[in-house]
Amino acid sequence: MELNDDIRNIKGIGEKTSVNYRRIGINTVGDLVMHIPRGYEEYKEIISVKNAPLDCNVIVEGVLSKRPSVKSIRNRKIVSAQLNDGSGTINLVWFNMPFLANSLRVGAYYILRGKITVKNDGKRMVHPKVLTKEEYYNRLHKLIPIYSLTEGLTNNSLMKSMAYAIENLKPVKDYVPAHIIKECNVMPFMQAVKKIHFPNSREEAAEARKRFVFDEFFTFLLMLRYYKKGSVRIKTKRVYTHSEECNRLINSLPYKLTGAQKKVWSEVMSDIKSGYIMNRLIQGDVGSGKTIIAALALLLNAKNGYQGALMVPTEVLAKQHYENFVKLFEGFDVNVTLLTGSMSALAKRNEYENIRSHKTDIIIGTHALIQEKVIYDDLGLVIIDEQHRFGVNQRKNISDKGNDCHTIVMSATPIPRTLAIILYGDMDISIINERPEARLPILNCVVGQSYRNTAYSFILKEINKGNRAYIICPMIEESESSELENVNSYYIKLSEIMPDNINIDILHGKMKPSEKNEVMERFKNGLTDILISTTVIEVGIDVPEATVMMVENAERFGLAQLHQLRGRVGRSDRQSYCIFMTADERKEVMQRLEVLNKSNDGFYIADQDLKLRGPGDMFGVRQSGEAYFEIADIYNDADMLKLADSAVKSLSDEDVQRIIEICPKKNRYTETVPFFAL
Ligand code: ADP
Ligand code: MG
């Protein structure tokens, strides 16, 4: 079997099943073996309830000693039951799985995998996985890969296909030259493919992962170099003159621009009027005020008679920007419209017509903006907000639409200079490194578990003042459904602690965009007091009344990401607070987190993050959300990025050309290389 063979060549994948694979981009055997696990589950010996350690995954066995029952807590169906193994009992709780009440039988034997916690009413396991004897003994002492799945595809079936593919795959020649493999000390390709899916140990998995991280950076940088060959500044035929309207907008603001904003605006303005095509990255911490720069640039563009587009990664953010711009441009005689995927077909068609006929000057939207049906009328400026969030597939070439238009990309990811130079090549970079004065600095604290109750009382006090709170749970990339489990079991726990009149809601990455919108909308409008969320809230959301953020298991996050997260509070003149709750109180962990307490400067924090990172953190939580890389993380894998950079630099132009021709299709970033870098 070869990498380019269709997946239907794999035993067990027929016409029907193949559709499920294709839905997640797996069309060939090569695509399949490059579908890297999100993590691994370890199946250890069965342990008695009495001796089982708390708060970590364990396997217990026993008989169901109580008839399963279903009850509703705040609109959610909870199934409870009880397991007894002779040494003790555990109360079992499942969330939103009412069918379990019928399928579980009293007196029957079960093997369960989950975490035990202790509550007032004894030991408890929330959302345990129910295993058959056969399943358990097949997995015992193995590292089971956990994959991203889609409807109709189970982890088990994917694992089987994977084993078959790897067993029958003809060895392929490594596309990375042997001397580079040696110099960079990475695994050969075929070995890495085997070990990443079926490792004998976590160390082996980490080594294999290193090779895939290397490949992502290596091919990315290869493509950058390939496309940049002989790049020169390109002249634009569009003429821009100064527009007094921009000064009028600045003077109409309820605040004064910061020095940094003024500097960046003048850089952008002179770019736009320079006669050459602008290609600029604006980096600025969350809350540093990038949006107004975008608004000014779009106004200047519109007043010179050209269309402009602002593309953002989520519908929530698009709507927020749209409402904001409509207000901002009142009395400026520019038409702003919104275009998102969830709009009705009729509404979309209407907008397409408005865009084509230039009835609208500024279009704000999600990647709906780059659909084929959208035909712009003289698009002069494109701005991409939160560029790091644009997925590999969404990154079609929007500037194609504009025929040599100006481009600004805005990012809230503070990247240390050394890395920015590698990743952004010849792009011009503007930095907003100053915060609006009016803001009170966020008050931070790093605390251990003993402060939990105090923290909850504090949150209650803030809510009673009319404020709102975020609680962030980490996405533990460990088990199939743990992201859900985590926020869901936290919800149950918190519901029991908080008074009944406090409204709690949850938000996580597995929700549909429309569901996420609804949840955010309720929180924004004050119908929800506490929002329990995974890191999906990270992107640009603005809820001024949110004054507290509590981050659970802060030790699992990177500093750069924690800093991004806390940017969600402190967005008004109210005093805001951030509580970093850690489950690991060792000195070095506390010291690392204390950096957040000492500084509010994203660039400084990102630098410290690189310095203080402990080794062996290979499957840690991804920090940057940089969508160009699926496995690699620019912070966690910064060393690898530098290695790949010098490897690519050492190649001749002929080498570059040759390697691009033979590298796996998936890694050929022809369509996915960020267009701004071309
Ligand atoms: P980000 O850089 O994260 O995109 P925003 O542009 O959303 O930040 O700005 C955050 C908030 O700060 C907005 O409510 C905006 O109106 C406000 N803001 C922007 N610039 C200033 C300023 N110079 N002084 C006071 N408030 C400002
Ligand atoms: Mg923003």
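The values are calculated or read from the model by the stated rules, or taken from the named source; none is laboratory data. The structure presented is a predicted model; accordingly, all values stated were derived computationally and were not measured. Backbone-built Cβ (ideal geometry, glycine too); neighbour counts: all protein chains shown.
Numbers at a glance
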{"item": "Qualifying residue in segment 444-456 (condition: at pLDDT 90 or above and loosely packed, with under 14 Cβ neighbours inside 10 Å)", "result": "yes"}
{"item": "Members of segment 359-371 that are in a loop (DSSP other than H, G, I, E, B) and at pLDDT 95 or above", "result": "Lys359, Thr360, Asp361"}
{"item": "Hey, Leu221 farther than 22 Å from His35 by Cβ and surrounded by 21 or more Cβ atoms within 10 Å (Cβ to Cβ) or not", "result": "yes"}
{"item": "Selected residue [closer than 30 Å to Thr407 by Cβ, modelled with pLDDT of 85 or more, buried (at least 19 other Cβ atoms within 10 Å of the Cβ) and not hydrophobic (A, V, I, L, M, F, W, C)] from Asp609, Asp633, Asp637, Asp653", "result": "Asp637"}
{"item": "Some residue of segment 384-392 being within 17 Å of Met278 (Cβ to Cβ), at pLDDT 90 or above and either assigned to a strand (DSSP E or B) or within 16 Å of ligand 1 (Cβ to nearest atom) (or both)", "result": "no"}
{"item": "Residue ID - farthest from ligand 1 (Cβ to nearest atom), chosen from residues in segment 400-439 that are hydroxyl-bearing (Ser, Thr, Tyr), under 26 Å from Lys273 (Cα atoms) and at pLDDT 75 or above", "result": "Thr407"}
{"item": "Long-range neighbours under 6 Å by Cβ, at least six apart or interchain, first residue over 14 Å from Glu496 (Cα atoms) and in contact (Cβ under 8 Å) with a residue 40 or more places away in the chain within segment 69-86, second of a type in the set (Ser, Thr, Tyr) and surrounded by 15 or more Cβ atoms within 10 Å (Cβ to Cβ)", "result": "none"}
{"item": "Filter pass, Arg522 being surrounded by fewer than 16 Cβ atoms within 10 Å (Cβ to Cβ) and not in a loop (DSSP other than H, G, I, E, B)", "result": "yes"}
{"item": "Top-ranked residue in segment 588-604 [being over 22 Å from the mean Cα position of the chain (by Cα) and charged (D, E, K, R); ranked as modelled with the highest pLDDT]", "result": "Glu594"}
{"item": "Which listed residue is among the hydrophobic types (A, V, I, L, M, F, W, C), in contact (Cβ under 8 Å) with a residue 24 or more places away in the chain, under 17 Å from Asn84 (Cα atoms) and surrounded by 19 or more Cβ atoms within 10 Å (Cβ to Cβ), from Ile146, Ile116", "result": "Ile116"}
{"item": "Which listed residue, of Ile272, Ile292, Ile282, is closer than 23 Å to Ile363 by Cα, among the β-branched types (Val, Ile, Thr) and away from ligand 1 (no atom under 16 Å from the Cβ)", "result": "Ile272"}
{"item": "Extreme residue, surrounded by the most Cβ atoms within 10 Å (Cβ to Cβ), among residues of segment 249-261 that are more than 31 Å from the chain's Cα centre (by Cα) and near ligand 1 (Cβ under 9 Å from one of its atoms)", "result": "Lys256"}
{"item": "Wholly within segment 127-202, helices (runs of 4 or more DSSP H) carrying at least 3 residues that are more than 29 Å from the chain's Cα centre (by Cα)", "result": "133-139, 155-168, 178-184"}
{"item": "Inter-residue pairs, beta-carbon under 8 Å, first within 14 Å of Thr418 (Cα to Cα) and in contact (Cβ under 8 Å) with a residue 60 or more places away in the chain and in segment 639-659, second surrounded by 14 or more Cβ atoms within 10 Å (Cβ to Cβ) and small (Gly, Ala, Ser), 6+ apart", "result": "Met640/Ala632; Leu641/Ala632"}
{"item": "Hey, Leu100 under 24 Å from Leu494 (Cβ atoms) and touching a residue at least 24 places away in the same chain (Cβ under 8 Å) or not", "result": "yes"}
{"item": "Qualifying positions in segment 82-97 - in contact with a Lys or Arg (Cβ under 6 Å, 6 or more places away or on another chain) and among the hydrophobic types (A, V, I, L, M, F, W, C)", "result": "Ile90"}
{"item": "Qualifying positions in segment 56-76 - in contact with a helix residue (DSSP H, G or I) (Cβ under 9 Å, 6 or more places away or on another chain) and within 26 Å of Ile504 (Cβ to Cβ)", "result": "Pro68, Ser69, Val70, Ile73, Arg74, Arg76"}
{"item": "Residue that is farthest from the chain's Cα centre (by Cα), among those in segment 73-103 that are farther than 16 Å from Val60 by Cα and among the aliphatic types (A, V, I, L, M)", "result": "Ala101"}
{"item": "Residue check for Leu346: away from ligand 1 (no atom under 16 Å from the Cβ), of a type in the set (A, V, I, L, M, F, W, C) and either in a helix (DSSP H, G or I) or assigned by TED's automatic domain parsing to the domain that holds Leu257 (or both)", "result": "yes"}
